[in-house]
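Peer 1: Here you go, one structure.
The values are calculated or read from the model by the stated rules, or taken from the named source; none is laboratory data. Computed from a predicted model, the values in this text were never measured in an experiment. A quick note on method: Cβ atoms are made from the backbone with ideal geometry, for glycine too, and the neighbour counts reach across all protein chains shown.
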Amino acid sequence: MPEQFVNELANYRSPGVFNPWGECDAAHDRCAEAPQIRRAQLQHYLGERIGQAKLLLVAEAIGYQGGHFSGIPMTSERLLLGGLTQKGILPEHAFTSIAPQRTSKESVRQDGFTEPTATIVWGFFADSGIDPRSFVLWNAFPWHPYKTGEGLLTNRTPTDDELTAGHRILHRMIKLGDFRQIVAVGKKSAAQMANLGIDSIEVRHPANGGAGLFRRQMADLIRGA
């Protein structure tokens, strides 16, 4: 089932949007097989969780420092490469059924890209001793919107039309996972959940000084579950 879902995800195309699972970033990918690598990593990430994960965290969109190269929402390439073990975040927290691979060129970022939001989110679960297969990280817009005049190593807010395209995938994810609780990470994600009539709990986005509040709100949510 995750394979069919990921293949559908890979088919999306839109100007100003990079699809990590269906497109090659010619300037920054290390090989032409990068989309297939990212597809496989997402499939194995989901395959180890769907059917047992009860918590779905939904942020706004894929970023260039995260899922653009790792293929997994709110997950950095550096995490997969073992570069965050000093923070207690291990590659096997993402998946164990295949060996993680980088898809970015070493000349672009020697140690692989790292995303502050991803580190904070994964760090919270690691510090809390929570089974990493008890949650799924996702985005209301599951692809990477970028600034067309500035290149693929940029992020921007998805348009309303783009978000609408992502809603179909979000509904598929919710049905696929049969989650007990959905958490909207940040106000923009919470607004999307409300517009779609999806019951969710909003927590502070960890970016821009929100890490402390994010951790406290998530801890309260976990305790009350």
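Peer 1: Which helices (runs of 4 or more DSSP H) does segment 2-75 wholly contain that include 1 or more residues that are of a type in the set (A, V, I, L, M) and within 15 Å of the chain's Cα centre (by Cα)?
Peer 2: Details: elements: 2-10, 34-47, 67-70.
Passing ranges, in order: 2-10, 34-47.
Peer 1: Take segment 54-90 and flag every residue that is closer than 22 Å to Ala190 by Cα and either without any contact (Cβ under 8 Å) to a residue 24 or more places away in the chain or among the charged types (D, E, K, R) (or both).
Peer 2: Correct list: Lys54, Glu60.
Peer 1: While we're here: Has segment 145-162 got any residue that is touching a Phe, Trp or Tyr at 6+ places or on another chain (Cβ under 8 Å) and closer than 24 Å to Gly82 by Cα?
Peer 2: For segment 145-162, residues touching a Phe, Trp or Tyr at 6+ places or on another chain (Cβ under 8 Å) and closer than 24 Å to Gly82 by Cα: present.
Peer 1: Turning to a different aspect of this structure: In the set Gly82, Gly66, Gly112, Gly71, which member is farther than 26 Å from Thr154 by Cβ and either modelled with pLDDT under 95 or not basic (Lys, Arg) (or both)?
Peer 2: Numbers: Gly66 fails: farther than 26 Å from Thr154 by Cβ; Gly112 fails: farther than 26 Å from Thr154 by Cβ; Gly71 fails: farther than 26 Å from Thr154 by Cβ.
Answer to the selection: Gly82.
Peer 1: Of the numbered conditions (1) without any contact (Cβ under 8 Å) to a residue 12 or more places away in the chain; (2) touching a strand residue (DSSP E or B) at 6+ places or on another chain (Cβ under 6 Å), Val136 fails exactly one; give the number of that condition.
Peer 2: With (1) without any contact (Cβ under 8 Å) to a residue 12 or more places away in the chain; (2) touching a strand residue (DSSP E or B) at 6+ places or on another chain (Cβ under 6 Å) applied to Val136, the lone miss is (1).
Peer 1: Among (1) over 18 Å from the mean Cα position of the chain (by Cα); (2) charged (D, E, K, R); (3) at pLDDT below 95, which single condition is Asp199 missing?
Peer 2: (3)
Peer 1: Same structure, new question: Would you confirm whether or not segment 93-107 contains a residue that is hydroxyl-bearing (Ser, Thr, Tyr), assigned to a loop (DSSP other than H, G, I, E, B) and surrounded by 22 or more Cβ atoms within 10 Å (Cβ to Cβ)? Please lay out each step first, then the result.
Peer 2: The initial filter retains those residues of segment 93-107 that are hydroxyl-bearing (Ser, Thr, Tyr), namely 96-97, 103-104, 107.
Now drop any that are not assigned to a loop (DSSP other than H, G, I, E, B), which leaves 96-97, 103, 107.
Add one more test, that the residue is surrounded by 22 or more Cβ atoms within 10 Å (Cβ to Cβ), and what stays is 103.
Yes, the conditions are met somewhere in segment 93-107.
Peer 1: Still on this structure, please answer the following. So if I check each of Gly66, Gly47, Gly82, Gly51, which one is of a type outside the set (A, V, I, L, M) and either under 24 Å from His205 (Cα atoms) or surrounded by 19 or more Cβ atoms within 10 Å (Cβ to Cβ) (or both)?
Peer 2: Step by step, each of Gly66, Gly47, Gly82, Gly51 is checked, and only Gly66 is of a type outside the set (A, V, I, L, M) and either under 24 Å from His205 (Cα atoms) or surrounded by 19 or more Cβ atoms within 10 Å (Cβ to Cβ) (or both).
Peer 1: Additional query: Looking only at segment 202-210, decide whether some residue is touching a helix residue (DSSP H, G or I) at 6+ places or on another chain (Cβ under 8 Å), free of Cβ contacts under 8 Å to residues at least 24 places away in the same chain and not basic (Lys, Arg). Outline the logic, then answer.
Peer 2: Step one: list which residues in segment 202-210 are touching a helix residue (DSSP H, G or I) at 6+ places or on another chain (Cβ under 8 Å), which gives 202-207.
Going one step further and asking which of them are free of Cβ contacts under 8 Å to residues at least 24 places away in the same chain, we end up with 202-204.
Those left that are additionally not basic (Lys, Arg): 202-203.
The answer is yes, given that some residue of segment 202-210 is touching a helix residue (DSSP H, G or I) at 6+ places or on another chain (Cβ under 8 Å), free of Cβ contacts under 8 Å to residues at least 24 places away in the same chain and not basic (Lys, Arg).
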